[in-house]
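Asks: Encoded as structure tokens, here's the structure I'll be asking about.
The values are calculated or read from the model by the stated rules, or taken from the named source; none is laboratory data. What you see is a predicted model, and the numbers here were worked out from it, not measured in a lab. Neighbour counts are summed over all protein chains in view; Cβ atoms, including those assigned to glycine, are modelled from backbone coordinates with ideal geometry.
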Amino acid sequence: MIPEHPYIRRKKEVLNILKNKKHGRIKPKYKPTPDAKQKRYHEWVREKNCLICDRYAAIHHVISDGDARISKDHYMVVPICYDHHQGQEGYHELGHDKFLDEYGIHTYDEAIKLLEEYNVSLS
């Protein structure tokens, strides 16, 4: 029997190691639908009503701090009614900077305040 070349043997060893290795994610995978805990948080945020006009609110996901994009997170949300969220004078129509100028509300800061309040209210 002809002995196996060391290079081929090493290649097989490496392939076996890679095949059996469990790869862990560095960053958790984003889930497009919120889980039960996140849904409870959304309901709690909706109860706050719109930040601008105090009407029934929808959830707006905050994906920017004004300077840079942040990863989408189901906990970074603020309550904004439909008109101020997707209407003609809403966040998605105006954009972050014009929304801030028009209403004086920084959505990133408000999302952080709500998270802090929610964590305090759970304790």
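Asks: Can you confirm whether I59 is surrounded by 13 or more Cβ atoms within 10 Å (Cβ to Cβ), within 16 Å of Q38 (Cβ to Cβ) and modelled with pLDDT under 90?
Replies: When the stated conditions are applied, I59 does not pass them.
Asks: Moving on. So which residues in the stretch 68-95 are within 20 Å of H42 (Cβ to Cβ) and not in a loop (DSSP other than H, G, I, E, B)?
Replies: Within the stretch 68-95, V77, V78, P79, I80, Y82, D83, H84, H85, Y91, H92 qualify.
Asks: Can you confirm whether the stretch 66-73 contains a residue that is aliphatic (A, V, I, L, M), within 19 Å of the chain's Cα centre (by Cα) and at pLDDT 90 or above?
Replies: Checking the stretch 66-73: not a single residue is aliphatic (A, V, I, L, M), within 19 Å of the chain's Cα centre (by Cα) and at pLDDT 90 or above.
Asks: Okay, moving on. Of everything in the stretch 69-86 that's free of Cβ contacts under 8 Å to residues at least 40 places away in the same chain and surrounded by fewer than 14 Cβ atoms within 10 Å (Cβ to Cβ), which residue is farthest from K31 (Cα to Cα)?
Replies: Y82
Asks: Would you mind stating whether D83 is at positive phi and either modelled with pLDDT of 75 or more or of a type in the set (V, I, T) (or both)?
Replies: Taking the combined requirement at face value, the residue does not satisfy it.
Asks: So which residues in the stretch 28-56 are touching a residue at least 40 places away in the same chain (Cβ under 8 Å) and surrounded by 12 or more Cβ atoms within 10 Å (Cβ to Cβ)?
Replies: If the condition is that a residue be touching a residue at least 40 places away in the same chain (Cβ under 8 Å) and surrounded by 12 or more Cβ atoms within 10 Å (Cβ to Cβ), then P34, Y41, W44, V45, K48, L51, I52 are the ones that fit.
Asks: Taking the condition part of a helix (DSSP H, G or I) and either under 15 Å from the mean Cα position of the chain (by Cα) or of a type in the set (S, T, N, Q) (or both), does Y41 pass?
Replies: Taking the combined requirement at face value, the residue satisfies it.
Asks: Working carefully through the options G66, G90, G104, find the one that is without any contact (Cβ under 8 Å) to a residue 12 or more places away in the chain and at positive phi.
Replies: Unique residue meeting the criteria: G104.
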